[in-house]
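One structure below.
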Amino acid sequence: MLGLALPGPAIADATPVAVELVLALDASASMDRAEFDLQVKGLAAAFRDPGVLEALKNLGPMGAAVAVTQWGSATEAKLIIPFTRLSSARDAKAFGFRISRVRRAFMASDTSIATAISHGTQLLDENGYHGDRRVIDVSGDGVDNGGTDLNAARNLAANSGIVVNGLPIDADGVDLTAYYRDKVIIGV
């Protein structure tokens, strides 16, 4: 059920990682093919980028657990690539390849950023990893118009110690960067 964070596995049973990361891709109807491809190709390239590979190396042997999800309307969110532990450049490059093969799961009618955050929070709470940091990266091309409470989703994430980053795709003359800075991003 979206919107509710359920208790995660006991920390003693969880695999420790330095970072748990959910990459939340916008699959709403406002995303045209080029914008959706930009998300996928950009993330795939990131996992081959020397700076990202160095950052992963700096996490040490614990590495990161990373998942990819797609979101759209208030009732549409889907885990596309389950949490995968990355602890080497080889792991990261393989994960990038998996991202490059991602296809759009649906074309939602609305843009519910609240769904992206709530679904990401749920995935972080239920994944079997315990990270020193927990992060959701939300990419998208529009403001939240999905009918669910964005502030409640943000508060749920913030109260769970989750950082939310915004990766806005500016389109249609809207200053989406400012909107994401003011309404989506949480933490540092």
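Which residue is nearest to A153 (Cα to Cα), if the candidates are limited to the range 99-138 and must be of a type in the set (D, E, K, R) and more than 13 Å from the chain's Cα centre (by Cα)? Checked the range 99-138; the qualifying residue nearest to A153 (Cα to Cα) is D125. Within the range 153-188, how many residues are charged (D, E, K, R) and not in a loop (DSSP other than H, G, I, E, B)? Total satisfying the criteria: 4. When the residues of the range 157-176 are filtered to those that are β-branched (V, I, T) and open to solvent by less than 60 Å² (accessible area, probe 1.4 Å), the one that is modelled with the lowest pLDDT is I169. Do we have any residue at all in the range 35-51 that's outside any helix (DSSP H, G or I), open to solvent by 50 Å² or more (accessible area, probe 1.4 Å), among the basic types (K, R) and modelled with pLDDT of 95 or more? Within the range 35-51 (the criterion being outside any helix (DSSP H, G or I), open to solvent by 50 Å² or more (accessible area, probe 1.4 Å), among the basic types (K, R) and modelled with pLDDT of 95 or more), the answer is yes, since at least one residue qualifies. Report the residue count in the range 130-151 for those that are in a helix (DSSP H, G or I) and crowded, with 17+ Cβ neighbours inside 10 Å. The number of residues fulfilling the criteria is 1. Quick check on the range 151-188: of everything there that is of a type outside the set (S, T, N, Q) and touching a Ser or Thr at 6+ places or on another chain (Cβ under 7 Å), which residue is nearest to A34 (Cα to Cα)? Among them, the one singled out is I169.
Taking R154, is it surrounded by fewer than 13 Cβ atoms within 10 Å (Cβ to Cβ) and farther than 27 Å from G63 by Cβ? No.
Of everything in the range 142-188, what is among the β-branched types (V, I, T), touching a residue at least 24 places away in the same chain (Cβ under 8 Å) and touching a Pro at 6+ places or on another chain (Cβ under 7 Å)? Give them in sequence order. Passing the criteria: none in range. Can you tell me how many residues in the range 54-80 are among the hydrophobic types (A, V, I, L, M, F, W, C), open to solvent by 10 Å² or more (accessible area, probe 1.4 Å) and over 13 Å from V17 (Cα atoms)? Selection size over the range 54-80: 5.
When the residues of the range 81-99 are filtered to those that are assigned to a helix (DSSP H, G or I) and open to solvent by less than 30 Å² (accessible area, probe 1.4 Å), the one that is farthest from S30 (Cα to Cα) is A92.
Kindly evaluate L124 against the criterion of being over 15 Å from L23 (Cα atoms) and in contact with an Asp or Glu (Cβ under 8 Å, 6 or more places away or on another chain). Against the criterion (over 15 Å from L23 (Cα atoms) and in contact with an Asp or Glu (Cβ under 8 Å, 6 or more places away or on another chain)), L124 does not qualify. Of all residues in the range 127-185, none satisfies the criterion of being among the polar types (S, T, N, Q) and on the phi > 0 side of the Ramachandran plot.
The values are calculated or read from the model by the stated rules, or taken from the named source; none is laboratory data. Everything numeric in this text was worked out from a predicted model, so none of it was measured. Backbone-built Cβ (ideal geometry, glycine too); neighbour counts: all protein chains shown. These accessible areas exclude ligands, DNA and RNA; they are computed on the full protein's heavy atoms, side chains included. Shrake-Rupley method; radii C 1.70, N 1.55, O 1.52, S 1.80 Å.
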